[in-house]
1. Select the helices (runs of 4 or more DSSP H) contained entirely in the range 176-258, then report the ones holding at least 1 residues which are away from the ligand (no atom under 16 Å from the Cβ), closer than 15 Å to Ala95 by Cα and acidic (Asp, Glu).
2. Of the residues Ala163, Ala142, which is open to solvent by 10 Å² or more (accessible area, probe 1.4 Å), more than 16 Å from the ligand (Cβ to nearest atom) and more than 28 Å from Ile198 (Cβ to Cβ)?
3. Specify which of the listed residues (Ala351, Ala315, Ala388) is farther than 28 Å from Val227 by Cβ and among the small types (Gly, Ala, Ser).
4. Please specify each residue of the range 242-272 satisfying the condition of being within 24 Å of Tyr180 (Cβ to Cβ), small (Gly, Ala, Ser) and open to solvent by less than 50 Å² (accessible area, probe 1.4 Å).
5. In the range 369-401, how many are away from the ligand (no atom under 15 Å from the Cβ) and surrounded by fewer than 24 Cβ atoms within 10 Å (Cβ to Cβ)?
6. Test Arg329 against the stated conditions and say whether it is within 23 Å of Ala163 (Cβ to Cβ) and modelled with pLDDT of 95 or more.
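The values are calculated or read from the model by the stated rules, or taken from the named source; none is laboratory data. Given the structure is predicted, the values throughout are model-derived calculations rather than measurements. Note: ideal-geometry Cβ built from the backbone for every residue, glycine included; neighbour counts use all protein chains shown. Accessible surface is based on the protein model in full, side chains and every heavy atom, while ligands, DNA and RNA are left aside. Shrake-Rupley method; radii C 1.70, N 1.55, O 1.52, S 1.80 Å.
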Amino acid sequence: MIKVNEHFLKLQTSYLFSSISQKISDFAKDNPHREIIRLGIGDATRALPPACIAAFHKAVDEMGQDASFRGYGPEQGYLFLREKIAENDFQARGAEVNADEIFVSDGAKCDTGNFQEILSNDITIAIPDPVYPVYVDTNVMAGRTGTVKDGRFEKIVYMECTATNDYIPQIPEEPVDLIYLCFPNNPTGATVTREALIQWVDYARKNKSLILYDAAYEAFIRDDAMVKSIYEIPGAREVAVEFRSFSKTAGFTGTRCAFTVVPKECMAYDSAGGAHSLHTLWNRRHSTKFNGVSYPVQKAAEAVYSIEGKKETAAIISGYLSNADRIRREMDELAYDYVGGQHSPYIWIDAKTDSWEFFDMLLNKAGVVCTPGAGFGRCGGQHIRLSAFNSYANVETAMNRIREALKDA
Ligand code: MLT
């Protein structure tokens with residue numbers, strides 16, 4: 001008899017954004033004439049930068065000629081891309097990351113979800129609440145948690161992020177083995193200070209813990225003095241893995257390209273205390289289960305680092321950040337408390353009521369989609385997330401509609 005992995009049965013049947021998508025489809029079917037504005041999932045709406053398109057086209061043409069055709073590429077990614085990443089995203093900021101420590105992939109969702117696979121099941125995990133649901137769900141699937149009780153899985157140390165701590169996870173009092181951090185944060189948009197990150201790195205070194213640092217939204221940091229990579233912190237190479245993505249940086253949500261940095265100093269330990277290189281283990285996992293991102297996509301990603309590519313991606317990000325400013329202004333006027341939107345495409349709003357009810361109200365009255373905070377954890381139960389990924393005109397219309405909807409709410 002074939003048996004199911006019973007850990008999957010502990011999860012809600014549907015992934016957060018799939019449930020929301022179903023609700024939107026149902027609403028659209030019942031209201032065929034209503035125009036829906038989506039400020040829910042953080043999905044890029046602006047076209048790929050022209051520099052990326054040109055490189056993409058050129059690479060596709062190369063694939064059409066025997067002389068320049070490419071079959072399987074290196075599973076870890078082509079060196080032309082890994083070198084550009086290392087130079088531009090890290091070395092230029094004084095962070096030591098070498099090209100051979102970068103693993104190119106088809107998404108930070110897969111990487112943040114898969115990385116736990118090379119770690120023991122017998123570890124303690126600290127995860128912020130609210131948080132991108134992939135971190136919790138993949139640990140549940142792996143069997144590292146108990147069942148869910150009152151919105152919380154047993155055996156996870158939840159780091160509550162609320163208005164009282166400015167939505168910043170606090171270092172747990174007890175030692176934990178694995179820590180998930182995400183800055184700028186999804187869903188709250190909160191950012192971390194260099195000083196706080198130094199403390200996290202110190203804690204991880206002291207406890208031989210590992211930090212999984214999700215920096216998928218670093219391109220939205222407007223202040224160059226702020227920390228963008230955990231490797232800007234001394235000692236982080238020993239205890240941190242960093243995830244990045246071209247999805248939000250350059251509109252690759254549909255094109256798919258991301259990368260994970262695993263420094264060679266980063267270790268995990270066996271039951272006898274022996275140290276093992278996570279770089280070696282991740283390389284083993286990656287080359288066994290993944291066959292690399294397509295050549296044209298990696299060429300398109302490489303173009304992000306060209307002079308034109310840098311200018312064009314900066315303009316796209318600025319556009320989304322203007323939307324975020326517009327949302328923040330509206331929330332100020334409506335006197336809603338919120339965080340984020342300054343160095344992030346997400347604005348996390350205290351809805352002061354059940355987040356799914358607020359979601360339904362906004363959809364029905366305003367035809368605007370948000371993300372209910374409950375989907376990110378118990379602490380999100382009374383919050384909603386608005387995303388700045390849309391056109392300015394749509395954001396403007398959405399804000400006007402929300403204002404009207406709240407008048408008679
Ligand atoms: C989100 O809306 O939280 C993100 O788009 C999800 C993702 O990047 O997978």
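1. Details: elements: 194-207, 236-239, 247-250.
By residue number, 236-239.
2. Ala142
3. Ala351
4. Start the filter on the range 242-272 by keeping residues that are within 24 Å of Tyr180 (Cβ to Cβ), which leaves 242-249, 252-253, 256-271.
Right, trim to small (Gly, Ala, Ser) and you get 245, 247, 258, 268, 271.
Of everything in the range 242-272, those that are within 24 Å of Tyr180 (Cβ to Cβ), small (Gly, Ala, Ser) and open to solvent by less than 50 Å² (accessible area, probe 1.4 Å) turn out to be Ser245, Ser247, Ala258, Ala268.
5. Initial filter on the range 369-401 (away from the ligand (no atom under 15 Å from the Cβ)): 378-379, 381-382, 391-401.
Adding the requirement that they be surrounded by fewer than 24 Cβ atoms within 10 Å (Cβ to Cβ) leaves 378-379, 381-382, 391-394, 396-397, 399-401.
Final tally of qualifying residues: 13.
6. Numbers: within 23 Å of Ala163 (Cβ to Cβ): yes; modelled with pLDDT of 95 or more: yes.
The answer is yes for Arg329.
For (1) modelled with pLDDT of 95 or more; (2) out of contact with any Gly (no Cβ under 6 Å at 6 or more places or on another chain); (3) at positive phi, each residue gets a yes or a no:
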position: Val136; (1), (2), (3): yes, yes, no
position: Gly143; (1), (2), (3): yes, yes, yes
position: Lys149; (1), (2), (3): no, yes, no
position: Arg152; (1), (2), (3): no, yes, no
position: Thr162; (1), (2), (3): yes, yes, no
position: Pro169; (1), (2), (3): yes, yes, no
position: Glu173; (1), (2), (3): no, yes, no
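Table: residues versus (1) among the basic types (Lys, Arg); (2) within 16 Å of the ligand (Cβ to nearest atom); (3) in a helix (DSSP H, G or I); (4) on the phi > 0 side of the Ramachandran plot.
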position	(1), (2), (3), (4)
Glu96	no, no, no, no
Asp100	no, no, yes, no
Phe103	no, no, no, no
Lys109	yes, yes, yes, no
Asp122	no, no, no, no
Pro128	no, yes, no, no
Tyr132	no, yes, no, no
